[in-house]
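Participant: This structure is in structure tokens; I'll ask about it shortly.
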Amino acid sequence: MTEEKTVLIVEDEKNIVDILRFNLERKGYRVLEAYDGEDESIRRVFKAEDGYVLEVETAGYAAPMTLWVGVTNDGSVSGVTVRDHGETFGLGRGAQTDASFLLQFLHTSEEAAVGEDIDALTGATVTSKAVTRAVNSAAAFVTGADVSSGATEWEG
């Protein structure tokens with residue numbers, strides 16, 4: 001049995017990514033891609049067989065926040081990690097450390113809202129809305145939805 005080889009494409013130009021993907025898949029390679037999207041908040045997109053991992057940057061209360069958001073091919077959120085932030089130590093830091101806050105995002109789509117689907121961190125509403133905005137942007141990017149996040153359609 002032959003093991004399938006995997007290739008990671010790192011390229012900013014979508015047309016080049018599409019050509020490389022097409023040719024490599026014809027040769028039997030499994031192709032993953034790291035593509036910088038057009039949405040200003042989307043920093044990187046990593047494609048896998050079952051979905052995507054997106055690196056998203058959003059404005060937090062005290063400083064920009066960087067998140068990694070897992071999204072299935074159908075646009076359902078499968079995971080959220082706050083990778084970097086400059087939020088206040090006592091309150092906003094919960095966005096990175098409070099598992100119950102982050103677990104609320106699982107299985108949401110691009111329309112989650114603080115106060116409706118998401119309970120804000122106590123004393124950190126701005127931070128909670130920033131995380132929600134980043135998660136919504138990631139899901140919308142995958143589905144091609146046009147939401148207030150500024151996400152743009154990408155045929156990936």
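Participant: Out of all the residues in region 93-127, which are open to solvent by 30 Å² or more (accessible area, probe 1.4 Å), free of Cβ contacts under 8 Å to residues at least 40 places away in the same chain and not in a loop (DSSP other than H, G, I, E, B)?
Facilitator: Selection gives GLN96, THR97, ALA99, SER100, LEU103, VAL114, THR125.
Participant: How many residues are hydroxyl-bearing (Ser, Thr, Tyr), loosely packed, with under 14 Cβ neighbours inside 10 Å and either at pLDDT 75 or above or within 20 Å of VAL53 (Cα to Cα) (or both) when one looks only at region 1-40?
Facilitator: Residues in region 1-40 being hydroxyl-bearing (Ser, Thr, Tyr), loosely packed, with under 14 Cβ neighbours inside 10 Å and either at pLDDT 75 or above or within 20 Å of VAL53 (Cα to Cα) (or both): 1 in total.
Participant: Still on this structure, I have one more. Among the residues of region 55-92, count how many are modelled with pLDDT under 90, part of a strand (DSSP E or B) and of a type in the set (Phe, Trp, Tyr).
Facilitator: 0
Participant: Out of all the residues in region 128-146, which are farther than 18 Å from ASP98 by Cα, open to solvent by 10 Å² or more (accessible area, probe 1.4 Å) and in a helix (DSSP H, G or I)?
Facilitator: ASN136, VAL142, THR143
The values are calculated or read from the model by the stated rules, or taken from the named source; none is laboratory data. Nothing here was measured: the structure is a model prediction, and the numbers come from that model. So basically every Cβ, Gly included, is an ideal-geometry build from the backbone, and we count neighbours across all protein chains shown. Calculation scope for accessible area: heavy atoms of the full protein, side chains included, ligands and nucleic acids excluded. Shrake-Rupley method; radii C 1.70, N 1.55, O 1.52, S 1.80 Å.
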